[in-house]
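Asks: Okay, handing you the structure first.
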Amino acid sequence: IVTNMAAGGSSELCEAALNTAPHLIQFLESQNLALVDQSAWALGNIAADGPKFRDRLKDNGVLPPLIKLLDSKDLNLVQTACFALSNLARGEGAQQEALVKAGLVKPLLHHLRVDTVTVISEAAWVVVYLTSGPENVSTQLLEHRLIPLLVAPLKDFLDQKALAIPLVRALGNIASGPDNNTSALINEPGFLPAMLQFIQSDCRPVKKESLWLMSNITADHTGKDLIKVIDAGFIPVLSQIASHQNFDIRKEAAYSLINLASHGPDYAKALPHRELLPGFLDFMRTKDHELISLGLRYVQLLLNSGIQDAPALLSEMNGVDALEEVILSDDRDQHRLASLLMDTYFGENNHGSRVPTPIPGTPDPSGHSTNGGSNLNPSSLGSSVDPSNLPPQYLKRASMSAI
C-alpha cells in the first residue's frame, strides 16, 4: 500500500508515505527478502517525489542499509536497491556526495562487472545521477576505473534497446567533463566501435543519446585524438544521419560534424560538403533558434575552410538566399553573423572568389597554427570585422540526468 501511495502523485499521499519511512528503513534489515524488496521499492518511490523527501530519508538514515543491500546475492533485490539509490541520487550535489561518503562506490561498481543486463542497466542509472553531479564525485568514480566498467558491457547491449540508455548517458556525462575524460574514452578499447553501432541504433532514444555522447567526444578542445574518431568511420555515418533523419536526430549529428570541422581546415575538408550543405541550409530556413545557429556555424566553417569553391557551392545550393533570410531575423547575433558572411564572401568586390584566412587557433591549409585566444563573439562585432577572425567554438554540452 505504501509503495502505491508514494507513487500516487498527490502531495497528501506522498506526505503520508513519508511518515512511514522510519519503519521502511528498519524493514531493510529484515530476514524476509520479500519485505526488504517491497520496503526498498517504497523508499525509492518516496525519494522520487522531490528534494524534501530525499532529505528526510537521508536524515532518517536510509543510506547505509540501502547500500548494504548491494551485497545481496538476490539480483532482484539488488535491482530494487539500485532503483531506490538512483532516485536518492537525483538533484543537487549534496545528495550525490552523501552517497559517495556512505560507501556506495565499490559495491555499486561491482554490479557493472558481473550481473545480468537488467541489473547492469539499473546500476548504470545510479551512475548517471552521480556523474551529473559535482566534478569531485565523478573524479572518485573515474579513479575506480569507471570508464572500462561502462565500456566493457556495451557490446552486450547493442540489441537491448532502452536498457542501453543509462550506460550511454553515463558515458556522455563523463565526456561532458574535462578533455582528459574525452581522451580516456576515445582510447578505451571497444568504445569507438560500439558507439559507431549505437548511433545507428533503430531504438530512437538510444540513437539520440549516443549522438549526444559523440557530440561531446568531438568537442575535445585539444583535438589530439580526434583522428581516431575519423579513422573509425564516423564521418560517413554522421553525415548520413545529419542529412536524412528527423530534425531532432539530425541536430545531434550536426553538433559532432561542426565540432570536427572546428578543429581546422584539414578536419573541415574531410566532410562531404556537397552532401551536407543542403541539410544545414534547411536548418537556417527553420524558425528554430538552435538549428539556425548550427546552420550558420556550418556555413561559416565551410567558407573559412580554404576550400576554393566553397562560396560557389553555397551559391549553387541557394545558400545566399538562406543567409538573406537569416539577415531578416530578429535575433541580433544571428543577424550580425549572417550579415558578416554575406558582406565578406558575397559582397560586390568579392564575387564569391575570396579565400579566407583560417580561424585563430586552428591550423591553416598549410598546417601552421594561427594566432588564437580571442574572446570575440558575433554580438560584439562591427560590420567591418572579418568573420574568419571568430575563435573556434567546440560545442560541448552539459551533463544530463535522467528524465
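Only the coordinates and a few stated rules stand behind these numbers; no lab work does. Every value quoted in this text rests on a predicted model; they were computed, and no experiment measured them. Neighbour counts run over all protein chains shown; Cβ positions are idealised from the backbone, glycine included.
Asks: With 5 Å bins from zero, work out the P(r) of the range 256-326 over every alpha carbon pair and list the percent per bin.
Replies: 3, 19, 32, 25, 16, 5, 0
Asks: Label-point separation (nm) for LEU75 and GLU29, each offset 7 Å from Cα along Cα-to-Cβ?
Replies: 3.0 nm
Asks: To continue, here is another question. Over the range 1-121, what is the relative contact order in whole percent, taking alpha-carbon pairs under 8 Å and six or more residues apart?
Replies: Taking the mean separation of contacting Cα pairs over the length of the range 1-121, I get 22 percent.
Asks: Relative contact order for the range 95-208: what is it in percent, counting Cα pairs under 8 Å that are at least 6 residues apart?
Replies: Contact order relative to length: 26 percent.
Asks: Kindly provide the chymotrypsin sites (Phe, Trp or Tyr not before Pro) of the range 82-191 that DSSP labels as loop, not H, G, I, E or B, and whose Cβ sees at most 14 other Cβ atoms within 10 Å.
Replies: Hits after loop and neighbour filter: nothing returned.
Asks: Counting other Cβ atoms within 10 Å of each Cβ, which GluC sites (Glu not before Pro) in the range 252-343 have at most 13 and sit in a DSSP loop?
Replies: Answer by residue number: there is no such site.
Asks: For ALA94, put the label point 7 Å out on the Cα→Cβ axis and report which residues of the range 22-64 keep their amide N under 19 Å from it.
Replies: The answer is 47-64, whose backbone nitrogens lie closer than 19 Å to the label point.
Asks: Using a cut-off of 11 Å between beta-carbons, work out the net charge of the residues near SER183 (Lys and Arg +1, Asp and Glu -1, SER183 not included).
Replies: -2
Asks: Semi-axes of the equivalent ellipsoid of the range 133-289: what are they in whole Å, largest first, if each equals the square root of 5 times a C-alpha gyration tensor eigenvalue?
Replies: Largest first, the range 133-289 gives 26, 18, 14 Å.
Asks: Another question, if that's okay. Grab the Cα-Cα distance for GLN197 and ILE327, subtract it from 0.36 nm times how many residues apart they are, and report the gain in nm with one decimal.
Replies: Stretched out fully, the GLN197 to ILE327 stretch lengthens by 42.9 nm.
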